[in-house]
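The values are calculated or read from the model by the stated rules, or taken from the named source; none is laboratory data. No experiment lies behind these values; they were computed from the predicted model shown. Every residue, glycine as well, gets a Cβ built from its backbone with ideal geometry; the counts of neighbours run over all protein chains shown.
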Amino acid sequence: MKRKEFAVIGLGRFGGSICKALSEEGVEVLAIDIDEDRVNAYANIASHAVVGDTTDEAVLKSLGIRNFDHVIVAIGDSIQASILTTLILKELGVPHITVKATNDYHERVLNKIGADQIVHPERDMGKRIAHNIISNNVLDYLELSDEHSIVEIVASRRLDGHSIIDLDIRAKYGINIVAIKRGKDIIVSPQATEIIRHGDILIVIGADTDINRFEKKLV
Ligand code: ADP
């Protein structure tokens, strides 16, 4: 099978860390930025690093961008450049385009022009940290939809020694424990008879309102 080819446009903090992570995974990545210093900084990290203004169609064509399977547009400082770059990538027929959005207006335009995946790293991280600050027991959370999440909750002393069935979590709260982290161990899809211990990290999935109820009552 042919290996996937990736390109990252914009080597700021976000694009740069994607580029590093892809390279560390052993994936070939083309790094592009308009700024020569940024490109030089990635010369030894990415498979190829080139200087170019990606709002210029001729530049993207000369790099053979249409042959890449997945292009990540991480231009944060200029919404106009981000939109124009995405539009050209789309017109050139790049199969998968991920774009970092800076605000809601930016996201709406990106949606209209057909970006395949739109990410808001600052907004999403801000939300995750806020959850973590508000609730002492919530370690991390992943938003599945506007109303559903997967949350990591620390089991309190009140849960210690009780089995999942004993607590009747699914019936009473409508949520499911998908895994339990206990020290270095992880119990995936725990049995209903599994005994919860104080300090376990429960990974639960469900509606936000139900997870909140569970958290308030039991944790
Ligand atoms: P972050 O918020 O992730 O740190 P930045 O906004 O600092 O992102 O970085 C965006 C990067 O995109 C910068 O390195 C900038 O030089 C690059 N960039 C901006 N416009 C273009 C363009 N037209 N073509 C290529 N790269 C661009």
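Here are the numbers for this structure:
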read-out: Some residue of region 126-142 being surrounded by 13 or more Cβ atoms within 10 Å (Cβ to Cβ), away from the ligand (no atom under 16 Å from the Cβ) and at pLDDT 95 or above; value: no
read-out: Residues located in region 95-121, provided they are aliphatic (A, V, I, L, M) and away from the ligand (no atom under 15 Å from the Cβ); value: 109, 110, 113, 115
read-out: Residue 161 being free of Cβ contacts under 8 Å to residues at least 40 places away in the same chain, at positive phi and surrounded by fewer than 12 Cβ atoms within 10 Å (Cβ to Cβ); value: yes
read-out: Residue list for region 167-190, restricted to those being of a type in the set (D, E, K, R) and either assigned to a strand (DSSP E or B) or surrounded by 14 or more Cβ atoms within 10 Å (Cβ to Cβ) (or both); value: 170, 181, 182, 185
read-out: The lone exception for residue 187 - which of (1) under 26 Å from the mean Cα position of the chain (by Cα); (2) within 20 Å of residue 132 (Cβ to Cβ) it fails; value: (2)
read-out: Residues (over 12 Å from residue 153 (Cβ atoms) and among the small types (Gly, Ala, Ser)) located in region 165-186; value: 171, 174, 183
read-out: Inter-residue pairs, beta-carbon under 7 Å, first assigned to a loop (DSSP other than H, G, I, E, B) and in region 197-219, second acidic (Asp, Glu), 6+ apart; value: 197/160; 198/160
